[in-house]
Amino acid sequence: TAPIIIVGAGHAGGRAALALREQGYAGPLLLIGDEPHLPYERPALSKQLLLDSQPADACHIGSAEQYQTLAIERLSATRVSAIAPAKRQITLHDGRTLPYHKLLLATGGRARQACLPGAGLAGVQLLRTLDDAAALRPRLQAGQRLLVVGGGFIGLEVAASARQLGCAVTVLEAGDRLAARALPPLISAKLLALHRARGVEVRLGCQIAAFRGDGSVSAVELADGELLACDTVLVGIGIQPNTELAAAAGLAVGNGIRVDARLRTSDAHIYAVGDACEFPCPVSGQPQRLETWRNAEEQGRHVARSLLGAADAYAALPWFWSDQFDHSLQLAGQLQAAANCVTRPLPDDGVLLFYLDAAERLQGACGWGAGNSIARDIKLAEMLIRSGKPLPAAALADPASSLK
Ligand code: FAD
């Protein structure tokens, strides 16, 4: 029999391969990825790995021995270049073709490069892979000047890490606040205050014209002609989902590879998960694409069941975290489309925001603060969201009333 083939040996792909065996699938299984590494989780790349507080192999998903013992065949440093759905066959970059019984696309996304003059200069770095992190780390020595292009999560996490390593750090953001796509204005303002308090220079409403340097970057030129000297630039302006393979095979593609609630694409034998896929929101039914650890983890597990015939819908609650300096941020559920937002102040300038629908049921929550109370509070908020019960806004707003 032909194998189940997984394309993309990142977080969701690695998790799905292991979950297929946990679910009892005993047939042939092939995991193909273009990186040279074992599957791994990416969050540490902008945090622990840069701060040397965790070795690179601590983010691996499974070990080489484990894949071998579980008879999960791995092809690494191998790119899949085409899919022929009618023949149920894929083509590798070297021209070899392989048949599949079922196919899972877990191709993730790639960091977007700035389309500006000088983007190809040495020292203009992106951060998506272990290799990217390994190339960035030696550039963040104390006293080095780092310019971060983009005030989103990757840029801000790298800025915080580099600042803690003693670099001079400037963040250049085109918009009028930080991480505007994901965060409410109040939290953007708190992020800004924290970074500035820790010595990061943050410029909002900043337009970049070019990267300058002779072979290697030495300055960023702004639209008004100002030159900002630097040793390294980190471009953190979002990702491009890797959907080209799916689109070329004729699969439905929107802002990601379109899948149904079982994570199946427009072809009945092909599934998709993780950053690359666009799936129906369990609450609104609207197509959504998430770029988060939990989404990769939970969709990787869920799709293993779908591939083996289960028909239940993917319904995990969205959840995201970011750690910057000694602060953490967590988001759970849906923040958009809420009728009412309730604010609960926390000690040390922390805050919890609760998003309620018109019937006062909790839809989403966002927490920000130092220490680890945020994780506990958001876990409780998740339970309150799942309960679906109406909640009194006054109690949510009152720091003295327990969420339990
Ligand atoms: P990936 O993990 O990117 O895996 C996709 C793999 O497929 C890649 O190895 C890619 O090279 C490979 N591939 C693509 N096309 C092909 C092909 N044609 N042939 C073969 N292989 C192919 N999320 C959070 O919730 N919290 C965080 O704090 C957080 N921090 C992050 C920090 C960084 C620096 C980064 C980069 C991400 C972070 N994330 C975080 C996001 C999270 O890591 C991603 O959502 C997750 O990795 C997505 O998993 P994935 O399997 O969909 O994609």
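The values are calculated or read from the model by the stated rules, or taken from the named source; none is laboratory data. Because the structure is a prediction, the values reported are computed rather than measured. Cβ: placed from backbone, ideal geometry, glycine included. Neighbour counts: every protein chain shown.
Below is a table of values for the structure above.
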| read-out | value |
| --- | --- |
| Residue in region 79-126 that is farthest from the ligand (Cβ to nearest atom), counting only those that are polar (S, T, N, Q) and within 27 Å of the chain's Cα centre (by Cα) | Gln113 |
| Qualifying residues in region 166-190 (those that are in a loop (DSSP other than H, G, I, E, B) and among the hydrophobic types (A, V, I, L, M, F, W, C)) - the one farthest from Ile239 (Cα to Cα) | Cys167 |
| Some residue of region 128-138 being touching a residue at least 12 places away in the same chain (Cβ under 8 Å), part of a loop (DSSP other than H, G, I, E, B), farther than 30 Å from Leu251 by Cα and in contact with a Ser or Thr (Cβ under 8 Å, 6 or more places away or on another chain) | no |
| Those residues of region 174-207 which are surrounded by fewer than 19 Cβ atoms within 10 Å (Cβ to Cβ) and of a type in the set (A, V, I, L, M), in sequence order | Ala174, Ala180, Ala182, Leu186, Ala189, Ala193, Ala197, Leu204 |
| Condition check for Thr107: touching a residue at least 40 places away in the same chain (Cβ under 8 Å) and not in a helix (DSSP H, G or I) | yes |
| Residue under evaluation Ala193, criteria (1) outside any helix (DSSP H, G or I); (2) within 29 Å of Arg177 (Cα to Cα); (3) not aromatic (Phe, Trp, Tyr), criterion not met | (1) |
| Positions within region 102-119 being surrounded by 15 or more Cβ atoms within 10 Å (Cβ to Cβ) and either out of contact with any strand residue (DSSP E or B) (no Cβ under 7 Å at 6 or more places or on another chain) or not charged (D, E, K, R) (or both), in sequence order | Leu103, Leu104, Leu105, Ala106, Thr107, Gly108, Gly109, Ala111, Ala114, Leu116, Gly118, Ala119 |
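Every residue, every condition in (1) surrounded by 14 or more Cβ atoms within 10 Å (Cβ to Cβ); (2) part of a helix (DSSP H, G or I); (3) within 12 Å of the ligand (Cβ to nearest atom); (4) β-branched (Val, Ile, Thr), yes or no:
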site	(1), (2), (3), (4)
Arg15	yes, yes, yes, no
Gly27	no, no, no, no
Leu50	yes, no, yes, no
Gln54	no, no, no, no
Ala58	no, yes, no, no
Gly62	yes, no, no, no
Gln66	yes, yes, no, no
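Here's the yes/no breakdown for (1) surrounded by fewer than 18 Cβ atoms within 10 Å (Cβ to Cβ); (2) touching a helix residue (DSSP H, G or I) at 6+ places or on another chain (Cβ under 9 Å); (3) modelled with pLDDT of 95 or more:
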position: Glu278; (1), (2), (3): no, no, yes
position: Trp293; (1), (2), (3): yes, yes, yes
position: Glu298; (1), (2), (3): no, yes, yes
position: Arg301; (1), (2), (3): no, yes, yes
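For every residue, the table says whether it meets (1) modelled with pLDDT of 95 or more; (2) among the aliphatic types (A, V, I, L, M); (3) more than 9 Å from the ligand (Cβ to nearest atom); (4) out of contact with any Cys (no Cβ under 7 Å at 6 or more places or on another chain).
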site: Ala19; (1), (2), (3), (4): yes, yes, yes, yes
site: Gly24; (1), (2), (3), (4): yes, no, yes, yes
site: Tyr40; (1), (2), (3), (4): yes, no, no, no
site: Ala44; (1), (2), (3), (4): yes, yes, no, no
site: Arg74; (1), (2), (3), (4): yes, no, yes, yes
